[in-house]
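Below is one structure, written out as structure tokens; the observations come after it.
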Amino acid sequence: MRIDVITVVPELLDSPFGHSIIKRAQVKGIAEVCVHNLRDYATGKHRSVDDYPFGGDAGMVVKVEPVFTLIEKLKAERTYDEIIFMTPDGEKYNQLIANRLSTLQSIIILCGHYKGVDHRVREHLITRELSVGDYVLTGGELAAAIVVDSVVRLLPGAISNETSALSDSFQDNLLSAPVYTRPAEFNGWKVPNVLLSGNFREIAKWQEEQALERTARLRPDLLG
Ligand code: ADE
């Protein structure tokens, strides 16, 4: 899968994309994540990517020209399945959307900044708008990192044990059962006996019960 991320602060994405599963997926050739600095596509005397809003509001707005130039350049190189804009007023992101995005070949993710982006970008270039929650971030970069991380880990081969992505919380609309590792007792705190029993049917039953109980208690909305 190819993911192109457009930002005015590429440095913000160095760390999230440069480690762990996302890094390994890129090294293995499972994912190609390309970060583009919008400033490289700015024109005019000051090469600015933002300007004052018409109508005299406070704050700056990302200009349409550099976004258009970069997206057109990318579209000339390959076909994109989605061109996504990260924005707090977008569709609320969840595991189902991550699963669907992970089946696509190529996507672009545009990170908003300042007060927003010229609305003509959203009207004419963007195919989908996503929010990672009802709160406002300084820019779309952290939101884009969330989308890239949650999508790339689903790609076949990204996680060594593929079943581990499938058994994530939310994959079946249930929270996961608690997990434990050695020692079996620490500070008087014991691991549930059933997990030490070696009885896999009992363990699976316990995990299912725990998943249901935790979901009902912590996220009853998931049970519908
Ligand atoms: N940009 C700023 N806040 C955001 C949010 N909550 N989701 C997606 N993009 C954003």
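Shown is the FRET efficiency for Arg219 and Glu82, computed with R0 = 30 Å from the Cβ-Cβ distance and rounded to the nearest 0.05: 0.65. Placing a label point 7 Å from the Cα of Asp40 along the Cα-to-Cβ direction, the residues of the stretch 76-98 with a backbone N closer than 18 Å are 76-78. Secondary structure note: in the chain, about 15% of the DSSP beta bridges are antiparallel. Dipole size of the stretch 2-152 about its Cα centre, with +1 on Lys/Arg Cβ and -1 on Asp/Glu Cβ: approximately 380 debye, rounded to the nearest 20.
Beyond 28 Å in Cα-Cα separation lie the following of the pairs Lys45/Lys73; Lys23/Lys45; Lys73/Lys115: Lys23/Lys45. Set Lys and Arg Cβ to +1 and Asp and Glu Cβ to -1, take the dipole of the stretch 89-135 about its Cα centre, and tell me which of Ser131, Ile97, Val121 lies farthest positive. Farthest towards the positive end: Ile97. The order of the peptides 38-45, 97-104 by mean Cβ neighbours within 10 Å, most packed first, is 97-104, 38-45. Normalised size of the stretch 167-223, defined as Cα radius of gyration per 2.2 N^0.38 Å with N residues, equals 1.24. Relative contact order of the chain, taken over Cα pairs closer than 8 Å and 6 or more residues apart, is 21 percent. Full extension of the chain segment joining Arg24 with Asn187 gains 55.0 nm, where the gain is 0.36 nm per residue of separation less the Cα-Cα distance.
Taking a ≥ b ≥ c as the square roots of the eigenvalues of the Cα gyration tensor of the stretch 1-104, is the shape rounded (a/c under 1.5), prolate (a/b larger than b/c) or oblate?
Prolate, since a/c reaches 1.5 and a/b exceeds b/c.
Express in whole angstrom the spacing between the alpha-carbon centres of the stretch 132-149 and the stretch 1-48. Between the Cα centre of the stretch 132-149 and that of the stretch 1-48, the gap is 14 Å.
What the phi angles of the stretch 145-159 give under the Karplus curve with 6.51, -1.76 and 1.60, with θ = phi - 60°, is a coupling list of 4, 5, 5, 4, 4, 5, 7, 5, 5, 8, 5, x, x, 5, 10 Hz, glycine and proline written as x.
Just from its helices, what would the mean residue ellipticity at 222 nm be for the chain, if runs of 4 or more DSSP H residues each count -39500 (n - 2.57) and the sum is divided by every residue, rounded to the nearest 500 deg cm²/dmol? Please report the intermediate quantities before stating the final value.
On the way: 9 runs with 78 residues, N = 224.
Helix-only estimate at 222 nm: -9500 deg cm²/dmol.
Sorting His113, His124 by the number of Cβ atoms found within 10 Å of their own Cβ, with the fewest placed first, yields His124, His113. With all projection directions averaged, the alpha carbon convex hull of the chain covers 16.4 nm². Mind telling me which of Ala184, Ala144, Ala204 comes out most flexible in a GNM of the chain, alpha-carbon contacts under 10 Å? Between Ala184, Ala144, Ala204, it is Ala184 that shows the largest mean-square fluctuation.
For the stretch 79-211, taking Cα atoms only, Rg and Dmax work out to 19.9, 62 Å respectively. For the chain, the longest principal axis of the Cα atoms and the long axis of helix 64-77 meet at an angle of about 70 degrees. In nanometres, what is the gap between the two model label sites at Met60 and Arg128, each 7 Å from Cα along Cα-to-Cβ? Once both label points are built, they end up 3.0 nm from each other. Taking amide H positions as modeled 1.01 Å from N, with prolines and chain starts lacking one, the residues under 5 Å from Ile6 and 5 or more places away or on another chain are His36, Ile109, Leu110, Cys111.
Once the Cα-Cα distance is subtracted from the 0.36 nm per residue extended length, the Glu11 to Ser48 segment shows a gain of 11.5 nm.
Read the figures in this text as sums done on the coordinates, not as results from a lab. Keep in mind that what you see is a predicted model, and the values were worked out from it rather than measured. Ideal geometry is used to build each Cβ from the backbone, glycine not excepted, and the neighbour counts take in all protein chains shown.
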